[in-house]
1. Please go through segment 391-413 and pick out each residue that is over 24 Å from residue 177 (Cβ atoms) and either exposed (fewer than 12 other Cβ atoms within 10 Å of the Cβ) or not aliphatic (A, V, I, L, M) (or both).
2. Determine, yes or no, whether residue 374 is assigned to a helix (DSSP H, G or I) and in contact with a Cys (Cβ under 8 Å, 6 or more places away or on another chain).
3. Would you mention how many residues in segment 495-530 are of a type in the set (S, T, N, Q) and loosely packed, with under 15 Cβ neighbours inside 10 Å?
4. Taking segment 531-543, which residues are within 21 Å of residue 499 (Cα to Cα), in contact (Cβ under 8 Å) with a residue 60 or more places away in the chain and open to solvent by less than 30 Å² (accessible area, probe 1.4 Å)?
5. Quick test for you: out of 216, 206, 277, pick the one residue that is open to solvent by less than 50 Å² (accessible area, probe 1.4 Å), without any contact (Cβ under 8 Å) to a residue 24 or more places away in the chain and either under 27 Å from residue 159 (Cα atoms) or of a type in the set (Lys, Arg) (or both).
6. For segment 251-271, how many residues are under 29 Å from residue 211 (Cβ atoms) and touching a helix residue (DSSP H, G or I) at 6+ places or on another chain (Cβ under 7 Å)?
7. Within segment 435-494, which residues are among the β-branched types (Val, Ile, Thr) and either surrounded by fewer than 21 Cβ atoms within 10 Å (Cβ to Cβ) or within 19 Å of residue 526 (Cα to Cα) (or both)?
8. Wholly within segment 416-525, which helices (runs of 4 or more DSSP H) include no fewer than the required count, namely at least 1 residues that are under 20 Å from residue 370 (Cα atoms) and touching a residue at least 24 places away in the same chain (Cβ under 8 Å)?
Amino acid sequence: MACACGCQAGAALNFCPEALDITCLKFWGPRAVPALPRSRGPPSLRTSALEGALLLTNRACLVCLVVTLSNMAASTARTCRHLSRHGSRILLRQAGPCLAPRSQFHRSSAARSGLLLSLNKRGILKDSFPENAAQDHLPRLLQSGAQTVYCGFDPTADSLHVGNLLAIVGLLHFRSAGHHVLAVLGGATAQIGDPSGKTSERERLSADTAEANTHSIRESIQRIFTNHELHFHDGPRKPGTVAVLNNLSWYKDWGVVAFLSEAGRHFRMGAMLSRHSVQSRLRGADGMSLAEFTYQVFQAYDFYHLNQIYGCKIQLGGTDQLGNLMSGHEYIHKMTGEEVYGLTIPLVTSSVGDKLGKTAGNAVWLNRDKTSPFELYQFFLRQPDASVEGYLKLFTFLPLAEVERLMEQQREDPGKRLAHKRLAAEVTKLVHGKEGLDSAKRCTKALYHSSVQALEEMSDEELQELFREAPFHELLLEPGTTVLDACRRVNAIPEGPRGYQMVLDGAVWINHRRTDKPEQVLIPKLHILSNGLTLLRVGKRNFYIIKWLSL
């Protein structure tokens, strides 16, 4: 089913990809009104349901408005709703039967109560805040009904990386258990810069760059959620809903004075200065800028905003985000008296203990144009034996009993590398889908098994991804073109006798076959594959890709 506004891309995930800052009706259910971003001010005015719906027209499509009004009329006899206005934000309040999104999908309490235990066994959860939450209050909250969980991602680059993937996997586990998840992109906060885990201030990010990065990351997250639902979510239980938001939507109308007047007065300097991320930077030679210092205020307000609009009570974040999670908890408690929770996930590190992030310079990206499916597949395939079991638990959705069986098979016959191959396949399929996994396997066969058949099945894009440093040439195939002609036209060999001698000496390989006849006319299906491509190699590492154009 398509979204109410007619878009198709996110229909399977119950979100509308046409709007970053607002979800369409399908996210909130047939009898709930989507909420607009908050601008400022305390609740001061109640308005009718009709007035509230009309205010949606500047954000939602007309079709959504009509459906909203129709469903409002149909539900009037069963429930009384009040909408209170917070500036430009519309909050849904209810009296009578509960029709909120949290009750839209029924889940067994057993499934929810075992979620935290399962995540702990897999190693996905590290710490909780408040400290006793994971042992007492939070399990009861999860058993009481479907909750809303969020995790934030600052678009400081145009792609997320493997270090971010674990946070997405955490959201996916909550969604599979029936809880609603929010992926919040920091279109605003990325321009400030999170100091957590950093020894120096980030380079300033322009608004245009942040917007472009946000768009790219949004597509990546949506793709991963789609792949998970298509290939990994099974069983009778329906997953929770998902929305991708941009925090710029609730900051763009704020003025500095208004924001500090309303939000800033609730933060105490002592608590802010005590955060580890602040202390470590203040002890450094470069200190900390005011912009970085206020980052925790903005992340805290994000949590508060999502709590008020979406009923969000749980935030996921890396262990380096604990201070920011604490700020959000304290702010919400001061403003509402409500108890909320922060859960941290471990930072993914390399075999030598380095954080896998772009700052560390060893990032493996989730966007295909930066790290191909083949490269992602090989990254996990090459993990040391000691890391494989842990990564299977962290990055895949295999039952723990199946992970144990895989590891037992691995121990019986280490040479087959069954656990490595399964890990690489599961992660590649999650990030790039089945087509991406098939591409990775084709590239592996073509490169490491000298498979001509795999070469013939590869697209231009796959060849260029496989040989990223290889020049790509489109040449007109003229009658009588020889091996020597092809080599010289792509500057693979020197001009004159020396280049001719290199071919004679067997230094040239075409489609994994050595050729030592310079005057040999190119033969279709031998030198030119059925897909019109030729993979030329001179020496051990100098590759050239030729796309032949017919006369």
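The values are calculated or read from the model by the stated rules, or taken from the named source; none is laboratory data. The structure presented is a predicted model; accordingly, all values stated were derived computationally and were not measured. Quick reminder, even Gly has a Cβ in these numbers, built from the backbone with ideal geometry, and neighbours come from all protein chains shown. Just so you know, the surface numbers come from the protein's heavy atoms only, side chains and all, with ligands and any DNA or RNA stripped out. Shrake-Rupley method; radii C 1.70, N 1.55, O 1.52, S 1.80 Å.
1. 408, 409, 410, 411, 412, 413
2. Working: assigned to a helix (DSSP H, G or I): yes; in contact with a Cys (Cβ under 8 Å, 6 or more places away or on another chain): yes.
Against the criterion (assigned to a helix (DSSP H, G or I) and in contact with a Cys (Cβ under 8 Å, 6 or more places away or on another chain)), residue 374 qualifies.
3. From segment 495-530, those of a type in the set (S, T, N, Q) are 501, 511, 515, 520, 530; that's our starting set.
Filter again for loosely packed, with under 15 Cβ neighbours inside 10 Å, leaving 501, 530.
So the count comes out to 2.
4. 535
5. On the way: 216 fails: without any contact (Cβ under 8 Å) to a residue 24 or more places away in the chain; 277 fails: without any contact (Cβ under 8 Å) to a residue 24 or more places away in the chain.
Step by step, each of 216, 206, 277 is checked, and only 206 is open to solvent by less than 50 Å² (accessible area, probe 1.4 Å), without any contact (Cβ under 8 Å) to a residue 24 or more places away in the chain and either under 27 Å from residue 159 (Cα atoms) or of a type in the set (Lys, Arg) (or both).
6. Taking segment 251-271 first, the residues under 29 Å from residue 211 (Cβ atoms) are 251-264, 267.
Now drop any that are not touching a helix residue (DSSP H, G or I) at 6+ places or on another chain (Cβ under 7 Å), which leaves 263-264, 267.
Number of matching residues: 3.
7. Going through segment 435-494, the residues among the β-branched types (Val, Ile, Thr) turn out to be 444, 452, 481-483, 490, 493.
Listed by number, the residues that qualify are 444, 452, 481, 482, 483, 490.
8. Values: elements: 418-448, 452-457, 460-466, 483-489, 497-504.
Those helices (runs of 4 or more DSSP H) span 418-448, 460-466.
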